[in-house]
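Read through the structure below, which is laid out as structure tokens, and then see the notes.
Values quoted throughout were computed directly from the atomic coordinates according to the rules given, and no laboratory measurement underlies them. Source: prediction; values computed, not measured. Positions of Cβ are generated from backbone atoms using ideal geometry, with glycine treated the same way; all protein chains shown enter the neighbour counts.
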Amino acid sequence: MKEVVLDLEFWFSIGSTYTSLTVMRMDEIEARHKINFRLMPFSVRKVMLDMDNVPFPPNKESKVAYMWRDIERRAASYGFPVRVPAPYPLQEFDRANKIALLGVREGWIKDYVLHTYKNWFQNGMEAGSDENLEATFKILSMDIQDILVRSQTSEIEKTYAHQTSLAVEKGIFGSPTFIVGKEVFWGDDRLEDAISWLKNQKKVNT
């Protein structure tokens, strides 16, 4: 009997620093837990600005320093390297996430997100920048100029706005967030909780 692979909604924005921790171990998590991440890009920046929330403002140096050290510790515990502080905040936040939406549509989203974050957190290339995009799409053997044109259409713009509105409707206020039915699990440190909930719901419904 073929083992069932469960889908888990993974809502994220490229530009979220803590999302790196989930993205970098995405393949291992999928294989170990027999799940499939459904990647759902949205603009966490718009959501947070609408809430008057700036998570790591420059004038809160101790909080920013904690963020970088916390990410460094957690990455080490997962077994992969990071170079922090990474360039932050992103200058091309929306561009990076609109490309992600195109990637969802065309099926290369996971490779794009993984290599974008690796280039950002391991090679110091700001996500969404020309440097990062060129390096990422070289690995993917794709034409970056073609990608840029097709990710800036009015259709992608509408999808971006819709996806962000849908995130708010679901109660999402940060990235990464995992959704199981109506349950919201915010943060990389809640991923395993989300997976447990997903598996338990499957048992209840079978």
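Miscellaneous remarks
- Taking the charge dipole of region 6-204 about its Cα centre, with +1 at Lys and Arg Cβ atoms and -1 at Asp and Glu Cβ atoms, the residue from Ala135, Leu191, Gly174 reaching farthest to the positive side is Leu191.
- Sparse-neighbourhood loop sites, trypsin sites (Lys or Arg not before Pro) in region 1-74 - DSSP loop, at most 16 other Cβ within 10 angstrom: Lys2, Lys34, Lys60
- Taking label points 7 Å from Cα along the Cα-to-Cβ direction, Glu192 and Asp130 give a separation of 4.4 nm.
- Full-extension gain in nm, Asp52 to Asn36, via 0.36 nm per residue minus C-alpha separation: 2.4 nm
- Computed E for Leu6/Arg105 - FRET, C-beta separation, R0 22 angstrom, nearest 0.05: 0.45
- Each 5 Å bin from zero holds the following percent of Cα-Cα pairs in region 6-204: 1, 7, 16, 20, 21, 18, 11, 4, 1, 0.
- Zone residues, region 103-118, relative to Glu155, backbone N less than 19 Å from point 7 Å out along Cα-to-Cβ: 103-109
- Charged side chains reduced to their Cβ positions (Lys and Arg at +1, Asp and Glu at -1) give the chain a dipole of some 600 debye around its Cα centre.
- Among Ala135, Ala100, Ala167, the largest mean-square fluctuation in a Gaussian network model of the chain, built with springs joining Cα atoms closer than 10 Å, belongs to Ala135.
- Spin-label zone in region 87-101 - amide nitrogen under 11 Å from a point set 7 Å from the Cα of Ala65 along the C-beta vector: none
- Distance cut-off 19 Å, percentage of C-alpha pairs in region 133-206 lying past it: 59
- Cα-centre dipole for region 114-206 with unit charges at Cβ (Lys and Arg positive, Asp and Glu negative), debye to 20: 600
- When both region 171-192 and region 40-119 are represented by their alpha-carbon centers, they are found 15 Å apart.
- For Tyr88 and Lys199, the difference between the fully extended length at 0.36 nm per residue and the C-alpha to C-alpha distance is 36.4 nm.
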